[in-house]
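Below is one structure; the comments refer to it alone.
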Amino acid sequence: KLPKKSKKPNIFTFLLFCYKKTIFTIIKMHGWISIILPLSLATSLFPGSFSFSPLSSRYRRTFLRMEHSSVEKTPIVHPAEAEGVLFDIDGTLADSWKLGFDATQVVLKNNDVPLITEELYHECTRYATPDRLARHAGIDPKDEQFWAVGNSLAEEFDDLYVGLVSLQTAGFYPGVLGLITDMPNAEDGVKVAALTNACVAYAHAVLKINCPVLGGDSNTKGQEGIYSKFLSIHGADTVPKPKP
């Protein structure tokens with residue numbers, strides 16, 4: 001409906017009414033942030049082209065302070081200045097969660113343990129494999145049999161898990177292979193390493209299947225195999241305390 005006072009509105013009055021109605025609707029649905037943030041960005045990109053009330057300016061200064069403070073708390077090191085790069089594997093280099101989930105379901109089924117949901121699987125990946133599987137089996141961490149059962153299930157899981165690694169089940173995310181290829185070698189002062197919450201054999205399997213040894217053609221002459229760039233590779237079974 002048009003405003004009651006506007007019995008014969010001109011086109012300008014009508015457009016102004018529509019504009020205000022749109023703004024109020026956006027604010028009602030998404031809050032003031034939906035209006036303030038675009039305005040703050042606009043004033044940053046086009047200084048002097050916009051003029052707002054003191055209230056808008058105060059909000060804009062607040063957002064700029066928040067942005068500035070967040071940058072200060074996050075130290076950024078240029079790759080050329082780095083001495084080493086440490087990669088996680090699952091969910092960082094490789095899209096492999098489904099492999100871990102499916103292998104877990106097989107092991108649980110073989111041991112007459114109720115199957116789990118994807119949500120529970122993701123929640124428990126914070127634990128190393130023996131710890132995780134013992135929890136899936138419903139054993140209390142305080143139980144004397146917790147680690148015995150966990151280690152037994154983990155051994156069965158690792159044998160299955162590592163054998164299923166392929167480009168289809170644990171392939172790198174798009175762009176990862178090129179990223180690693182373009183990274184400096186250890187001779188240039190940058191060391192590359194990889195870690196995984198699984199066993200170290202799994203880490204080697206994933207890196208080898210995704211990092212073929214490069215040939216000696218004109219495009220790769222002088223380059224080593226990408227796998228060899230990883231000077232240190234560790235799994236939960238090759239460190240004293242895998243978690244946290």
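A few comments on the model shown:
- Put a dot 7 Å past the Cα of LYS243, heading toward its Cβ, do the same for CYS124, and the two dots end up 1.0 nm apart.
- Here's the list of aspartates and glutamates a cross-link from LYS243 could span, going by alpha-carbon distance under 12 Å and ignoring same-chain residues fewer than 8 apart: ASP131.
- Subset of LYS109/LYS208; LYS142/LYS241; LYS98/LYS208 violating a 25 Å alpha-carbon distance limit: LYS109/LYS208
- Count Lys and Arg as plus one, Asp and Glu as minus one, and take only other residues whose Cβ is under 11 Å from that of LEU133; the net charge is then -2.
- Relative packing of 174-182, 145-153, 199-207, 131-139, which averages over residues the other C-beta atoms within 10 Å, highest first: 199-207, 131-139, 145-153, 174-182
- Along each principal axis, Cα extent of the stretch 85-169, largest first, Å: 38, 28, 23
- Annotation for ASP102 and LEU179: the two label points, set 7 Å from Cα along the Cα-Cβ direction, are 2.4 nm apart.
- For ALA103, the shell of other residues with beta-carbons less than 14 Å away shows a net charge of -4, using +1 for Lys and Arg and -1 for Asp and Glu.
- Cross-link reach list, aspartates and glutamates versus LYS191, counting only Cα pairs under 16 Å and skipping chain neighbours closer than eight places: GLU81, GLU83, ASP88, ASP182, GLU224
- Cut-off under 5 Å, modelled amide H: who pairs with ASP90 long-range: ASN197
- Computed from phi, the 3J(HN,Hα) profile of the stretch 227-232 under the Karplus parametrisation 6.51, -1.76, 1.60 (θ = phi - 60°) reads 4, 6, 5, 7, 7, 9 Hz, with x in place of Gly and Pro.
- Here is the list for the stretch 98-172: GluC sites (Glu not before Pro) lying in DSSP coil, each with at most 14 other C-beta atoms within 10 angstrom of its C-beta, are GLU144.
Read-outs: derived from the displayed coordinates by stated rules, not from any lab. The model shown is predicted, which means the values in this text are computed figures rather than measured ones. Every residue, glycine as well, gets a Cβ built from its backbone with ideal geometry; the counts of neighbours run over all protein chains shown.
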